[in-house]
Amino acid sequence: MPQSAESFSEILARTLAEGTLHSLILANPQRRGFDGPSKQTVRPIKLRGERTWQWELQTGKQQSHLNLGAAETLERAETELAAHYREAYLFTSERDYQIRSAKSGLSIKSMVAKQDARPTVTEHDRTKSRLIPEGVPCPFLEALGVMTPAGHVKQQKQKKFRQINRYLEMVNDIVDALPSEGTLHIADFGCGLSYLTFAVHHLLTVVHGRDVRLWGIDQNEQVIRRCQSIAQQLSLQGLEFSTSDIARWRRIGQIDLAISLHACDTATDAALEFAVRSQAKVILAAPCCQHEVSPLLSCEPLVPMLDYGIFQERFAAMATDTLRAIALRACGYKVQVLEFIDLEHTPKNILIRAVRQRDQPATYATRKEYDQWKSFLGLDRISIDGILESGETPRPMDAG
């Protein structure tokens, strides 16, 4: 690697000003027994619409964060490197720099950056890469076995890493629909191994700088104990896990964000019913298997299709999710149905995203649409009805 003609301060000041700094890592403390952070990682984030530089301080197994402006970041980097660390690594869109600190001063070597790792991108692409970028250490992903301590994604976890980032893009799109001040209250029903639960906590606390209380809820005691242990190990504030059935979990007050990803069969409906009753501002639901509607379908025009089991299963899943979407609209939510992740990961790739509309009353017309669709399918009482009842939507008999 050739020596750089610029000083460390000049390179850092220039790349901060140009917005081309991908990340900066300070590592290898100068003194044994140093009680400060063993590593400090700096990366750009967008906080309340403005570029900010986030410092991630790793002290043992604990992690803390600082959000600083460009001038403060430059001053802190110069001071910390000179006083405490032997090495620094500076990654930019064009070049990578290795900095070593010695008694004689700083030696700086540079090489052309790998363009496939740090491409020159549009503002939109940079925003997406800031959620959880590859190549930057992320403690919760390391604890879950997705990343190495150096921030490299393990080969066998590449699909999971892409899934997490795709999911966070969808969550990031609705952050503005959540309360802008105070603590955010979030419930994640059927959290399982909680890759995405930890990811949401990271997005809201680290990227957006919000205070949260996030409950991960699942019936599997073993995975809940594991998740709680990781949360305690990383000192993640406001993140709790509990073992419970969705239908029996109760909490006083309102939920700002309700999440239900791949909860089986009618467990999705129980989560949606709870969310509507709690007046959740945003609901994210990725339904899994469904067994309730399929055997109840009774629609003569559909008989040729329903004679084939695989067609009946797929149609029943779409019919069920359609009823869920209509029910949420009838309860005053704006509903989108999105592709959650690529089919290569799982065939259960539908995400229902619902945002509560202010001062928009439930309508008789939407409730009528729900009843007509149920009637066409030959359905009587089903679990989805509980969503409508929890939202106190008007029934046809109430009209006029």
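The values are calculated or read from the model by the stated rules, or taken from the named source; none is laboratory data. Every value quoted in this text rests on a predicted model; they were computed, and no experiment measured them. No Cβ is skipped: glycine too gets one built from the backbone with ideal geometry, and neighbour counts run over all protein chains shown.
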*Pick from the range 31-50, criterion at pLDDT below 85 and within 22 Å of residue 16 (Cα to Cα), ranking: surrounded by the fewest Cβ atoms within 10 Å (Cβ to Cβ)*: 49
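Restricting to the range 185-212, name every residue that is part of a strand (DSSP E or B) and touching a His at 6+ places or on another chain (Cβ under 9 Å). Give the steps one after another, and end with the answer.
We begin by selecting, within the range 185-212, every residue part of a strand (DSSP E or B); these are 185-189, 212.
Of everything in the range 185-212, those that are part of a strand (DSSP E or B) and touching a His at 6+ places or on another chain (Cβ under 9 Å) turn out to be 186, 212.
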*Among the residues of the range 48-75, which ones are within 30 Å of residue 176 (Cβ to Cβ) and in a helix (DSSP H, G or I)?*
70, 71, 72, 73
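Listed here are the residues, each with its yes/no results for (1) at pLDDT 95 or above; (2) within 26 Å of residue 267 (Cα to Cα); (3) touching a strand residue (DSSP E or B) at 6+ places or on another chain (Cβ under 7 Å).
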site: 182; (1), (2), (3): no, no, no
site: 187; (1), (2), (3): no, yes, yes
site: 190; (1), (2), (3): no, yes, yes
site: 194; (1), (2), (3): no, yes, yes
site: 207; (1), (2), (3): no, no, yes
site: 215; (1), (2), (3): no, yes, yes
site: 223; (1), (2), (3): no, yes, no
site: 233; (1), (2), (3): no, no, no
site: 241; (1), (2), (3): no, yes, yes
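Only one residue in 169, 142 is surrounded by 14 or more Cβ atoms within 10 Å (Cβ to Cβ) and assigned to a helix (DSSP H, G or I). Which one?
Values: 169 fails: surrounded by 14 or more Cβ atoms within 10 Å (Cβ to Cβ).
Sole residue among the options that is surrounded by 14 or more Cβ atoms within 10 Å (Cβ to Cβ) and assigned to a helix (DSSP H, G or I): 142.
From 25, 45, which residue is more than 21 Å from the chain's Cα centre (by Cα), part of a strand (DSSP E or B) and within 30 Å of residue 175 (Cα to Cα)? Break it down stepwise before answering.
Numbers: 45 fails: more than 21 Å from the chain's Cα centre (by Cα).
The unique qualifying residue is 25.
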*Of all residues in the range 134-173, count the ones that are among the aliphatic types (A, V, I, L, M) and not assigned by TED's automatic domain parsing to the domain that holds residue 223.*
8
*asked:* Checking residue 175 against (1) β-branched (Val, Ile, Thr); (2) buried (at least 17 other Cβ atoms within 10 Å of the Cβ); (3) at pLDDT 85 or above: exactly one of these is not met. Which one?
replied: (2)
_Any chance residue 12 is of a type in the set (A, V, I, L, M), outside the structural domain of residue 204 (by TED's automatic domain parsing) and part of a strand (DSSP E or B)_ = no
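What do you reckon, is residue 225 of a type in the set (Lys, Arg), in the same structural domain as residue 269 (by TED's automatic domain parsing) and either more than 15 Å from the chain's Cα centre (by Cα) or farther than 23 Å from residue 349 by Cα (or both)?
yes
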*Does the range 335-351 include one or more residues that are modelled with pLDDT under 90 and touching a His at 6+ places or on another chain (Cβ under 7 Å)?*
yes
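Would you please name the residue that is modelled with the lowest pLDDT, looking only at residues in the range 387-400 that are in a loop (DSSP other than H, G, I, E, B) and touching a Cys at 6+ places or on another chain (Cβ under 7 Å)?
In the first step, residues of the range 387-400 are kept if they are in a loop (DSSP other than H, G, I, E, B); the result is 391-395, 399-400.
Then keep just the ones that are touching a Cys at 6+ places or on another chain (Cβ under 7 Å); that gives 391, 393.
Numbers: 391: 71, 393: 54.
Of everything passing the filter in the range 387-400, 393 is modelled with the lowest pLDDT.
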*Name the strands (runs of 3 or more DSSP E) wholly within the range 262-358 that hold at least 2 residues that are over 22 Å from residue 191 (Cβ atoms)?*
333-339
*Within the range 365-386, can you find the residues that are at pLDDT below 90 and β-branched (Val, Ile, Thr)?*
366
*Exactly one condition in (1) more than 11 Å from the chain's Cα centre (by Cα); (2) farther than 22 Å from residue 242 by Cβ is not met by residue 163; state its number.*
(1)
*Quick one: in the range 105-135, which of the residues that are modelled with pLDDT of 55 or more and under 17 Å from the mean Cα position of the chain (by Cα) is surrounded by the most Cβ atoms within 10 Å (Cβ to Cβ)?*
132
*What are the residue pairs meeting all of these: first residue in the range 218-244, first residue under 18 Å from residue 139 (Cβ atoms), second residue small (Gly, Ala, Ser) and in a loop (DSSP other than H, G, I, E, B), Cβ atoms under 7 Å, and 6 or more apart or on different chains?*
227/194
